[in-house]
Structures are given as C-alpha cells and as structure tokens.
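Visitor: Have a look at the structure that comes next, please.
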Amino acid sequence: MPRSIDRRSETISENSAKLTNSKPLMKQSSDITTFSDLFCGIGGFHYAANQLGLECVFACDIDQACREQYKHNFGFEPAADIKLVRAEEVPDHDVLFAGFSCQPFSIIGDRRGLDDRRGTLYHEILRIVSVKKPKALVLENVRQFSTNSNGRALNAVLVSLSNFGYSCQWKILNALDFGLPQKRERVIVVGLLRPGVMDLFQWPKPIPNYKPLADVLEQNPAQRHFASETIRKKRMSRHLPKTSPAIWHENKGGNVSSSPFSCVLRANASHNYLLVDGERRLTPREQLRLQGFPESFEVIGSDSQIRKQVGNAVPIPMIRSVVEGVLSAHSQIKMLPRFLHSRRKSTKRHLRGLMPYLS
Ligand SMILES: C[S@@+](CC[C@H](N)C(=O)[O-])C[C@H]1O[C@@H](n2cnc3c(N)ncnc32)[C@H](O)[C@@H]1O
C-alpha cells in the first residue's frame, strides 16, 4: 500500500471526528468499525456511519467541488477518480458504501462476465469489493435502477456480489418514511459477506411522522432566493394551494402542485422547479435539512454547486437506519453456527429467491 494513502487513512478518523463535531449517537460494539465512502459526494453516508460510531478510512469523488466540501467538513481530501485508484491502495475496511451515479445501464452486460461491465462505475465497485472483501456493503441508486433494462442492471449487481460470496437484499426506500419531509425514493442494496444469511437482515420500519416543513424552513431567506415576479405570478395563476407552508412543484408538463413536504431534490433540475409557497427557492441550509444533514455542516461554494451536491446526496436518517440493520445482522452472524440447523430452511428459501438472478 503506498505510504501516502496509508498515512492519510490514519488521520482521517481523528480529523473527521473533530470536524463533524458529532459524538457518535451509538457507540457500536460489533467488530464492524470502519468504512469506505466511494463516490462520497458531500458525505451523506459518512455522517450516517459516523453517527453509529464507524470511522472512515477511505473516500473518493471525481468532482473537485465535492472534494473541497468534504475536506472542509471531514478534515481530509478524498481521492479523485475511482478508476485511477488501485484496489490494493484502499485501506482494509468493514463496510463499503457506494452511492454511484446512474449510467446508461443498457451497456451493463447481464451474464457475460465482468469484462462486459468495464468502464461503468458499477464495475469499479466490484473491482474494489473483489479485493477488499468488506464484511458488508450498502449501495444506493435511483429508483429506476431496479427497472432499467428490465432490471438487468440490478440483477447484474446481485449476481456478481453473490459470486463474491455475498448474501444480498434490495428494496426501494423513501426518505419520507424516515422522518424527513422529502419524497425521495432510492434503491438500496445490502450485502453481507456470507452466503445464505440475508434473513438475518431486517429492513428498517417506516416512521409514521416526518418533520414538519416549518421546522426546516429559514425565517428570513436572502432576497436572491426569491423567484422573479413574472414566475411567481405565473405559478399563482396555475395553482391554488391547500396548505402553507408548502413546496410547490412544477412538473415537465408545466402542471403545478403543492404538498406539505418537498418533492425529490434533484441535482440537475431547473432553477425554479421547487418553490416554497410558490415564491422562492430553497436555501442551501433548507436543502441540507431536507436530506438530514446536521446544522454543523458548513457550506462552501456557490448556491448552484450546493444544489447539485445536495441533490445527489443520500438522506442521512434513512441510511443510518439501514446501517443499524446491517450492524445488527452482522452481530447475529457471529453466533450463526448455533443457529445453523434451524436456519437451513430459510437458507434454502433465500437461494430460491436468488434463482431468477442466478439461472
Ligand atoms: C449520486 S452521487 C453520490 C453522493 C453521495 N452519496 C452523498 O451523499 O453526497 C455520485 C457521485 O459520484 C461521483 N463520481 C462520478 N464518477 C466518478 C468517478 N469516476 N470516480 C469517483 N467519483 C465519481 C460524482 O462526482 C458524484 O458526486
């Protein structure tokens, strides 16, 4: 392992603990203590894992503004293009996180082996998993990832991970079910490095209430966040809101609707896609709150940069709940030999569930 990366990993957790100023909410007691943060963006996974007492040993993102934001908040600069990182250079870690960009998945081969997937970000994840073999992994992608090319992309991920010895499950989760006033549906894949143990993993249960929008909104947002009078008038002429505060959403067809929660924050949406009460755009702090980022997160960069970064990020409470499930499952795996006999049936059921992907 090159000394530069080795040295960096030693200091990462100390710096990050100092800078995030976030004492772990739960000091985890399992032998899962470290994580890598691939395609780290501005660190949604990092916060979620830190809050559970895990420490980051490696992060990477190709986007310079993201790397600066990450460095400012976690105290170390992530590596850049994952394609230039040799798997052997990545320090050993217990959990691998990757929220990778959605690509044209039709180019992902289905059953023709890893070579077909070369050049895709998904291939880069597999390359690192195959060498580092973390005990668990959590992947995140847009909802369409499960349907794209008739589900071939997701199937390809599950088959490859299964070939590497991982038991996997996937599910679509919504940030709205985890206390955030944002409708954000994402495919989450969870893998545990042991065949046939996936029944030990429980998906987190939805929380009945989400934070009121009023708790997210700033009192006196700067004037630059207000839409022009022309836009405001146009929106008002097309929509009669039932509630306030509300987030008004204009869809591609020009229809306007409003809800007491936000539609999904998107990295590349048009400037006025979401307007608070039809009047103004969300401030950077409000966007961060809608993703569950702590108030201690310090914003650097322009409004448009942060809009893109937050739109790409993961909802922290949702990911934290998933990681709690991973830690719990892993602690049970350690006791597995005692359960082996009684679990044989569910293991068979698990394998049957995988058959569509494996045949
Ligand atoms: C969906 S975002 C992940 C956001 C992150 N999970 C967060 O919470 O902020 C995907 C990220 O992958 C990064 N990315 C794209 N291609 C990359 C590459 N070749 N190497 C490293 N990062 C890359 C993008 O810059 C982007 O920040």
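Visitor: Can you give me the C-alpha center-to-center distance between the range 227-284 and the range 294-325, rounded to a whole angstrom?
Guide: One Cα centre to the other: 21 Å.
Visitor: Students often get this wrong, so check it: of 71/233; 135/308; 171/334; 205/233; 233/308, which have C-alpha atoms separated by over 30 Å?
Guide: Details: 71/233 41 Å; 135/308 32 Å; 171/334 25 Å; 205/233 42 Å; 233/308 27 Å.
From 71/233; 135/308; 171/334; 205/233; 233/308, over 30 Å: 71/233; 135/308; 205/233.
Visitor: Still on this model: Using the Karplus equation 6.51 cos²θ - 1.76 cosθ + 1.60 (θ = phi - 60°), what ³J(HN,Hα) coupling, rounded to whole Hz, does each residue of the range 47-56 give in order, writing x for Gly and Pro?
Guide: 4, 4, 6, 4, 5, 9, x, 8, 10, 7
Visitor: To continue, here is another question. Quick one: the Cα spread of the range 153-256 along its three principal axes, in angstroms, biggest first?
Guide: 59, 29, 26
Visitor: Among 254-261, 152-159, 217-224, how do they line up from the highest to the lowest mean number of other beta-carbon atoms within 10 Å?
Guide: Working: 254-261: 15.9, 152-159: 21.6, 217-224: 10.6.
Going by the mean number of other Cβ atoms within 10 Å, highest first, we get 152-159, 254-261, 217-224.
Visitor: Can you tell me, using C-alpha contacts under 8 Å and at least 6 residues apart, the relative contact order of the range 181-275 as a whole percent? Numbers along the way, then the final one.
Guide: Details: 76 pairs, mean separation 32.7, N = 95.
Averaging sequence separation for qualifying contacts and normalising by length gives 34 percent for the range 181-275.
Visitor: Still on this structure: Give me the dipole magnitude in Debye, nearest 20, for the range 162-261 about the Cα centre, with unit charges on the beta carbon: positive for Lys and Arg, negative for Asp and Glu.
Guide: Details: 15 positive and 7 negative charges, 82 e Å.
The dipole magnitude comes to about 400 debye.
Visitor: Another question, if that's okay. Find the all-direction average of the projected area of the Cα convex hull for the range 195-350, expressing the result in square nanometres with one decimal place. Don't skip to the answer; put the middle values down first.
Guide: Working: hull surface 52.6 nm².
With the hull built on Cα positions only, its mean projection is 13.1 nm².
Visitor: Amide H to amide H under 5 Å from residue 264: which residues, 5+ apart in sequence or cross-chain, H placed 1.01 Å off N in plane?
Guide: Sorted by chain and number, the residues that satisfy this are 183.
Visitor: For residue 80, enumerate residues with amide H under 5 Å from its amide H, sequence gap 5+ or separate chain, H modeled in the peptide plane.
Guide: Correct list: 61.
Visitor: Between residue 100 and residues 5 or more places away or on another chain, which pairs have amide H atoms under 5 Å apart, with H built 1.01 Å from N, and which residues are they?
Guide: 140
Visitor: Normalised by the empirical 2.2 N^0.38 Å for globular proteins, what value does the Cα Rg of the range 219-282 take?
Guide: Taking the Cα Rg and dividing by 2.2 N^0.38 Å, one obtains 1.02.
Visitor: Which of the peptides 195-207, 280-292, 59-71 is most tightly packed, and how do the rest follow, judged by the mean count of other Cβ atoms within 10 Å per residue?
Guide: Values: 195-207: 16.6, 280-292: 22.2, 59-71: 20.7.
Result, highest mean Cβ count within 10 Å first: 280-292, 59-71, 195-207.
Visitor: Moving on. Please order 295, 140 by the number of other Cβ within 10 Å, starting at the fewest. Don't skip to the end; give the middle numbers.
Guide: Values: 295 9, 140 23.
So the residues, fewest neighbours to most, are 295, 140.
Taken together, the values in this text are just the output of simple stated rules run on the coordinates, not laboratory data. Here the structure is a predicted model, which means the values were calculated and not measured. Neighbour counts are summed over all protein chains in view; Cβ atoms, including those assigned to glycine, are modelled from backbone coordinates with ideal geometry.
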